[in-house]
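Visitor: I am attaching a structure below and will ask some questions about it afterwards.
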Amino acid sequence: MRKPLVAGNWKMNGTRASVAALTEAVKAGAKALDQTDIAVCPPFVFLGEVSAALRGSRVGVGAQDVSRHSSGAFTGEVSAPMLKELGCQYALVGHSERRTYHCETSELVAQKMVAVAKQGMIPVVCVGETLQERESNHTESVIAEQLAALMDTTETWDALRHAVIAYEPVWAIGTGKTATPQQAQEVHAFIRRVLGQKDVGLASAMRILYGGSVKGDNAVELFAMADIDGGLIGGASLKAEEFLAICQAARAK
Ligand code: PGA
């Protein structure tokens, strides 16, 4: 049985006051939603406060990125042990905004996944194709390349056992264009097949989230699909009521 996960990616949004209010509202609303794992991923600077506010609640905390290194002369970076100490249970790795704007390669994403898993946290590894790649029929080869880096060595494979995968078609992120439930299901099933070529047990246990313009009004039909185990939510996670409605739509598989 796969317990669904819904994670809110707040991206680079919020002030101390708005983040505190959003955190309290999500915490209060999440009490009744024990069928679903719920997490929020605030900007780094708010992680300590959000994590303290959510301690003992049903809502987990995640970072939006992490360094592959554990310490040292890496100006501006934040390490997995630091995130662990702040109370994070999750860290996103390989979000398409990181891959695109910060030139993160699939190999780097795999190293970040390893760094997160080594601290006993859950890496949420994002994969997804651009519009051009979809239109030129390359969706599966792009996803396969992104997955291959995660399955490459014993070290990455061991880390992958602790990970969650988020399928986020780049063309659906923040655009208001959602993949249809069928389009999303096809890719989720493909991801499970690829993992299954190496380990059927891991493939059937892996939680695969959908992300890309999930809203309160399309979450039910997306989350009803056989291989969709929750969501990674951007814009809609900034409104507590809408985020909680999305959490409520998640179903165990
Ligand atoms: P969106 O973002 O829900 O605003 O499309 C999703 C994401 O980037 O994780």
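Visitor: Quick one: in the range 128-147, which of the residues that are among the small types (Gly, Ala, Ser) and in a loop (DSSP other than H, G, I, E, B) is farthest from PRO169 (Cα to Cα)?
Guide: SER136
Visitor: Now a separate question. Which fully enclosed helices (runs of 4 or more DSSP H) of the range 7-115 have 2 or more residues being over 16 Å from the mean Cα position of the chain (by Cα) and buried (at least 16 other Cβ atoms within 10 Å of the Cβ)?
Guide: The helices (runs of 4 or more DSSP H) meeting that bar are 16-30, 47-54, 80-85.
Visitor: Where the second residue is of a type in the set (Val, Ile, Thr) and within 12 Å of the ligand (Cβ to nearest atom) and the first is touching a residue at least 24 places away in the same chain (Cβ under 8 Å) and closer than 16 Å to CYS126 by Cβ and lies in the range 223-237, which pairs have Cβ atoms under 6 Å and are six or more apart or on separate chains?
Guide: Between residues of the range 223-237 that are touching a residue at least 24 places away in the same chain (Cβ under 8 Å) and closer than 16 Å to CYS126 by Cβ and residues that are of a type in the set (Val, Ile, Thr) and within 12 Å of the ligand (Cβ to nearest atom), the close pairs are GLY230/VAL6; GLY231/VAL6; GLY231/VAL214; ILE233/VAL214; ILE233/ILE246.
Visitor: With the requirement that a residue be within 13 Å of the chain's Cα centre (by Cα) and among the acidic types (Asp, Glu), what does the range 158-191 give you?
Guide: GLU168
Visitor: Output the qualifying pairs, or none if there are none: Cβ atoms under 7 angstrom, residues six or more apart or on different chains, first residue in the range 154-183 and on the phi > 0 side of the Ramachandran plot, second residue modelled with pLDDT under 95.
Guide: Sorted first by the residue in the range 154-183, then by its partner, the pairs are GLY176/SER213.
Visitor: For PRO181, which of the numbered conditions (1) closer than 16 Å to LYS3 by Cα; (2) more than 15 Å from the ligand (Cβ to nearest atom) fails to hold?
Guide: Of the numbered conditions (1) closer than 16 Å to LYS3 by Cα; (2) more than 15 Å from the ligand (Cβ to nearest atom), the odd one out for PRO181 is (1).
Visitor: Sort out which residues of the range 93-111 are within 16 Å of the ligand (Cβ to nearest atom), closer than 13 Å to SER67 by Cβ and in contact (Cβ under 8 Å) with a residue 24 or more places away in the chain, and write them in order of number.
Guide: VAL93, ARG98, VAL109
Visitor: What is the one condition in (1) exposed (fewer than 15 other Cβ atoms within 10 Å of the Cβ); (2) in a helix (DSSP H, G or I); (3) within 16 Å of the ligand (Cβ to nearest atom); (4) not aromatic (Phe, Trp, Tyr) that ALA236 does not satisfy?
Guide: With respect to (1) exposed (fewer than 15 other Cβ atoms within 10 Å of the Cβ); (2) in a helix (DSSP H, G or I); (3) within 16 Å of the ligand (Cβ to nearest atom); (4) not aromatic (Phe, Trp, Tyr), ALA236 is out only on (1).
Visitor: When you go through (1) farther than 16 Å from ASN9 by Cβ; (2) modelled with pLDDT under 95 one by one for ASP199, which number turns out not to apply?
Guide: (2)
Visitor: So which residues in the range 1-16 are more than 16 Å from the ligand (Cβ to nearest atom) and within 13 Å of PRO42 (Cα to Cα)?
Guide: Passing the criteria: THR15, ARG16.
Visitor: If a residue must be away from the ligand (no atom under 16 Å from the Cβ), in a helix (DSSP H, G or I) and under 18 Å from GLN146 (Cα atoms), how many such residues does the range 186-205 contain?
Guide: Matching residues across the range 186-205 total 11.
Visitor: Given the criterion under 16 Å from ALA39 (Cβ atoms), touching a strand residue (DSSP E or B) at 6+ places or on another chain (Cβ under 6 Å), aliphatic (A, V, I, L, M) and within 16 Å of the ligand (Cβ to nearest atom), identify the matching residue among ILE208, ILE228.
Guide: Answer to the selection: ILE208.
Visitor: Is it true that ASP34 is within 16 Å of the ligand (Cβ to nearest atom), among the charged types (D, E, K, R) and touching a residue at least 24 places away in the same chain (Cβ under 8 Å)?
Guide: No.
The values are calculated or read from the model by the stated rules, or taken from the named source; none is laboratory data. Fair warning: this is a prediction, and the values are worked out from it, not measured in the lab. Using ideal geometry, Cβ is built from the backbone for each residue, glycine included, and neighbour counts are taken over all protein chains shown.
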